[in-house]
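The next block holds one structure in the form of structure tokens; read it before the comments.
What follows draws every value from the coordinates through simple rules; no lab data is involved. This structure is a prediction, so every number in the text was calculated from the model and none was measured. Here Cβ is always computed from backbone atoms with ideal geometry, including for glycine, and neighbour counts include all displayed protein chains.
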Amino acid sequence: MTHDGTALTADLVRTLLRAQHPDLAERPLRLGARGWDNQLWRLGDDLAVRLPWATATADALLLKEHTWLPVLAPRLPLPVPVPQRLGAPSAGFP
């Protein structure tokens with residue numbers, strides 16, 4: 001569950017994808033990992049969906065990463081994932 005009580009399920013992730021990124025919505029989806037602040041869902045073989053879940057500050061952390069990783073990635077000595085898209089809060093996932 002998220003910090004506001006929303007249960008993160010494959011059905012919820014699929015619903016969010018259909019609403020905000022319909023071109024990705026039918027790719028295979030499976031839970032990848034749960035961390036302290038977010039969950040990672042594998043989307044096909046080459047993408048991931050990261051959702052804030054455990055703390056009220058997780059949203060801000062993801063926004064910072066979305067802003068800075070594209071800037072920092074080319075300067076780092078090893079490859080790092082770079083965010084491709086950003087979702088928005090919705091009624092089903094505030």
Computed over the stretch 1-54: relative contact order in percent, which uses C-alpha pairs under 8 Å that are six or more apart: 29 percent
Determine the relative contact order of the chain: mean sequence separation of Cα pairs under 8 Å and six or more apart, normalised by residue count, in whole percent. 21 percent
List the residues, sorted by chain then number, that are 5 or more residues from Gln39 or on another chain and whose placed amide H is less than 5 Å from its amide H. Leu51, Trp53
Could you compute Rg(Cα) / (2.2 N^0.38 Å) for the stretch 10-75, with N its residue count? 1.18
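Hey, fewest Cβ within 10 Å first, where do Arg30, Arg75, Arg14 land in order? Walk me through the numbers before you get to the answer.
On the way: Arg30 10, Arg75 6, Arg14 17.
So the ranking, lowest neighbour count to highest, is Arg75, Arg30, Arg14.
Fewest first, what order do Val13, Val82, Val71 take by the number of other Cβ atoms within 10 Å? Provide the component values of the computation, followed by the final result.
Numbers: Val13 20, Val82 13, Val71 9.
Taking fewest neighbouring Cβ atoms as first place, the list is Val71, Val82, Val13.
If each residue of separation counts as 0.36 nm, what is the full-extension length gain between Leu61 and Arg75 once their alpha-carbon separation is subtracted? Could you put the intermediate results ahead of the total?
Details: separation 14, 0.36 × 14 = 5.04 nm, distance 2.05 nm.
Going from the current span to full extension adds 3.0 nm.
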Would you mind calculating the gained length between Gln84 and Ala25 on full extension (0.36 nm times residue separation, minus the Cα-Cα distance), in nm to one decimal? 19.8 nm
